[in-house]
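Participant: Here it is: the structure, laid out below.
The values are calculated or read from the model by the stated rules, or taken from the named source; none is laboratory data. Everything numeric in this text was worked out from a predicted model, so none of it was measured. Positions of Cβ are generated from backbone atoms using ideal geometry, with glycine treated the same way; all protein chains shown enter the neighbour counts. Quick note on the areas: whole protein, heavy atoms, side chains included, nothing else; ligands and nucleic acids left out. Shrake-Rupley method; radii C 1.70, N 1.55, O 1.52, S 1.80 Å.
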Amino acid sequence: MQLPTIAGSSRKALWVAVTFSIALLTFRCIHTGSWQYTFLLWNLFLAWVPYYVTWIMRRLDSSKWPLPVWIPVFGLWLLYLPNAPYIITDLYHLPEGGAPMWFDLILILSFAWNGLLLGFISIKQMQGMFINRFPKWPVQLFILPVMLLCGWGVYIGRYLRWNSWDLVVQPVPLLRETGAMVLHPMEYSHVWGFTVCMGLFMHILYHLRFAAHK
């Protein structure tokens, strides 16, 4: 399996990071005899989804797609993107025990970093395709809203326990619950507090990530 949209050195570094995470998890399972943290594999798999959406779009030259096709695919990407930073919140599982806390901290952080990296690469790719598609659209008016929507998506997944595919499987209850947040923002100030903090945190990390390569 190739990652053609990442430079050679970055591609190798990404695979090393992913391999390291899986090795830590494998060692933990063998050492403790517990499958306690294997959900991290599923969460990391979901973090790959938005990356591969942008990979397919680039591979199939989405700049030539008609808007009625391009926009739904963009929507699918946006729907799954929160799965990338979501792994950060798996740090909530630290007190569960079974292994030294320092080990579990490194384990979860390694998965979280891989998720963030995949998300940031995907955002960078989509940013280029979006601006190419809508050249008059200010870059910051793409990045910041995407980060804030990601923050909101993380909250919906972590605290309300909705999944990305529930928009198709259970659209009515999901839209009813999230719609209430939009229609009555003052009653959900904690939701928007989390959303803004998480979104700005990701926004800062995103710019630091790519500023380091300039």
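Participant: For Arg161, which of the numbered conditions (1) assigned to a helix (DSSP H, G or I); (2) loosely packed, with under 11 Cβ neighbours inside 10 Å; (3) not acidic (Asp, Glu) fails to hold?
Facilitator: (1)
Participant: If Trp102 satisfies every condition in (1) open to solvent by 40 Å² or more (accessible area, probe 1.4 Å); (2) more than 21 Å from Ser62 (Cα to Cα); (3) assigned to a loop (DSSP other than H, G, I, E, B); (4) not β-branched (Val, Ile, Thr) but one, which is the exception?
Facilitator: (3)
Condition check ((1) touching a Lys or Arg at 6+ places or on another chain (Cβ under 6 Å); (2) aliphatic (A, V, I, L, M); (3) modelled with pLDDT of 90 or more) across all residues:
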{"residue": "Val139", "(1), (2), (3)": "no, yes, no"}
{"residue": "Trp152", "(1), (2), (3)": "no, no, yes"}
{"residue": "Tyr159", "(1), (2), (3)": "no, no, yes"}
{"residue": "Trp162", "(1), (2), (3)": "no, no, yes"}
{"residue": "Met181", "(1), (2), (3)": "no, yes, yes"}
{"residue": "Phe194", "(1), (2), (3)": "no, no, yes"}
{"residue": "Cys197", "(1), (2), (3)": "no, no, yes"}
{"residue": "Met202", "(1), (2), (3)": "no, yes, yes"}
{"residue": "Lys214", "(1), (2), (3)": "no, no, no"}
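Participant: Then there's this: Just one of (1) open to solvent by 40 Å² or more (accessible area, probe 1.4 Å); (2) of a type in the set (Gly, Ala, Ser); (3) over 20 Å from Leu205 (Cβ atoms) trips up Gly128, so point out which.
Facilitator: (3)
Participant: Next question. Restricting attention to region 50-65, and to residues there that are of a type outside the set (Lys, Arg) and either modelled with pLDDT of 95 or more or closer than 17 Å to Leu118 by Cα (or both), which single residue is most open to solvent (accessible area, probe 1.4 Å)?
Facilitator: Filtering first and then ranking leaves Ile56.
Participant: Answer yes or no as to whether Ala47 is among the aliphatic types (A, V, I, L, M), surrounded by 12 or more Cβ atoms within 10 Å (Cβ to Cβ) and part of a helix (DSSP H, G or I).
Facilitator: Taking the combined requirement at face value, the residue satisfies it.
Participant: Any idea how many residues of region 86-117 are touching a Phe, Trp or Tyr at 6+ places or on another chain (Cβ under 6 Å) and at pLDDT below 95?
Facilitator: Residues that pass the stated criteria total 0.
Participant: Checking the structure you have, find out if any residue of region 70-78 is open to solvent by less than 70 Å² (accessible area, probe 1.4 Å) and β-branched (Val, Ile, Thr).
Facilitator: yes
Participant: Related question: Condition first: open to solvent by less than 50 Å² (accessible area, probe 1.4 Å) and either outside any helix (DSSP H, G or I) or in contact with a His (Cβ under 8 Å, 6 or more places away or on another chain) (or both). Now tell me which residues in region 35-44 satisfy that.
Facilitator: Once the filter is applied, which keeps residues that are open to solvent by less than 50 Å² (accessible area, probe 1.4 Å) and either outside any helix (DSSP H, G or I) or in contact with a His (Cβ under 8 Å, 6 or more places away or on another chain) (or both), region 35-44 yields Tyr37, Thr38.
Participant: Which members of region 131-158 meet the condition of being farther than 19 Å from Gly199 by Cα and outside any helix (DSSP H, G or I)?
Facilitator: Across region 131-158, the qualifying residues are Phe134, Pro135, Lys136, Trp137.
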